[in-house]
1. Quick check on GLU77: is it among the acidic types (Asp, Glu) and modelled with pLDDT of 90 or more?
2. So which helices (runs of 4 or more DSSP H) are wholly in segment 106-210 and hold at least 3 residues that are at pLDDT below 70 and over 30 Å from THR89 (Cβ atoms)?
3. Filter segment 1-51 for residues that are over 22 Å from GLU101 (Cα atoms), touching a residue at least 24 places away in the same chain (Cβ under 8 Å) and among the hydroxyl-bearing types (Ser, Thr, Tyr) and give the result.
4. When you look at LEU53, is it over 24 Å from PHE136 (Cα atoms) and assigned to a helix (DSSP H, G or I), yes or no?
5. Scan segment 39-50 for residues that are in a loop (DSSP other than H, G, I, E, B) and surrounded by 14 or more Cβ atoms within 10 Å (Cβ to Cβ) and report the count.
6. Out of the residues in segment 122-176 meeting the condition of being within 21 Å of THR87 (Cα to Cα) and touching a Ser or Thr at 6+ places or on another chain (Cβ under 6 Å), tell me which one is surrounded by the most Cβ atoms within 10 Å (Cβ to Cβ).
Amino acid sequence: MKLAFIDGSFPQPPTGSALFEQWRRADLMVTSWLWNSISKQIVEAFMYLSSSLELWLEIEMRYGQSSGPMIYQIQREISSISQGDMTLTSYLTKIKKLWNELFCLAPSPKCTCGGCVCGINKAIGEMYSPIQLMQFLMGLHESFNKEKSQLLMMDPLPDLEKEFSMIFVVEQQRNVQDQFADNANNLAYLVTMRDTRKEGMKKQVQKRKPYVDKRSLVCPHCHKIGHLRDTCFQIHGTPEWFKLLNDKKRQHGGQYNFSGNLEAKAVNKVENAASSSE
């Protein structure tokens, strides 16, 4: 019914007639369909035509006169198409779209007897089927080379839909296997990270020095408590950090009385012990 608006068989009724408003609403709907089917880059050039018939005639005048270059371009795309990173479904959809565009530009002969008692429609379908089959196989990803060889050995050759379903099952099986492999790799990675972390913590624990109560240490050189000969200031000199600590003690003398008293008592104890032994 809607084709009548663009082929001229349903012309515009008189403006004042009862059918005009109904025709106008339907014509606007057909016009919007045509606008939506036009590329966004060029649709603005067709926005000001008054009816769907005018729009269709304008499109036909611009792009429908010579189909040779378009047929050449589509044939070139079909001959060079490959699956690449596309899924099997996306690949089939893309190549079918190209086939449909080609048949629109270069339609094959069709039966004119009505019920097709001559069988020409079936014959033409059987003629195109192996051609499309080979085009589909040539663009398949090389990972399906084994399946392609098996299909080509079949006699008779399967139709495209049967061939697609057979390869689609293989693709789904591979996806499941890849998913299991990814899960196994992730699990192995987590286990490795856990073991590495445990080993690192173990080494850190092993590197820690055992706790030693410095109050039990007495230097044989200066006879003071809290260190041994290898850290004695009288032998090795006073380090910078100790000088800074003493400066802070002098600045905040009252806050360090307690620790200072302990140090003094410890030193006196060692000195008394040393003098009595002499």
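The values are calculated or read from the model by the stated rules, or taken from the named source; none is laboratory data. Small disclaimer: the values here were computed from a predicted structure and weren't measured. Note that each Cβ is placed from the backbone with ideal geometry, even for glycine, and that neighbours are counted across all protein chains shown.
1. Working: among the acidic types (Asp, Glu): yes; modelled with pLDDT of 90 or more: yes.
Considered against the rule, which asks whether it is among the acidic types (Asp, Glu) and modelled with pLDDT of 90 or more, GLU77 comes out as yes.
2. It comes to 160-207.
3. Scanning segment 1-51 gives a single hit, SER51.
4. It is true that LEU53 is over 24 Å from PHE136 (Cα atoms) and assigned to a helix (DSSP H, G or I).
5. The qualifying residues number 1.
6. Among residues in segment 122-176 that are within 21 Å of THR87 (Cα to Cα) and touching a Ser or Thr at 6+ places or on another chain (Cβ under 6 Å), the one surrounded by the most Cβ atoms within 10 Å (Cβ to Cβ) is GLY139.
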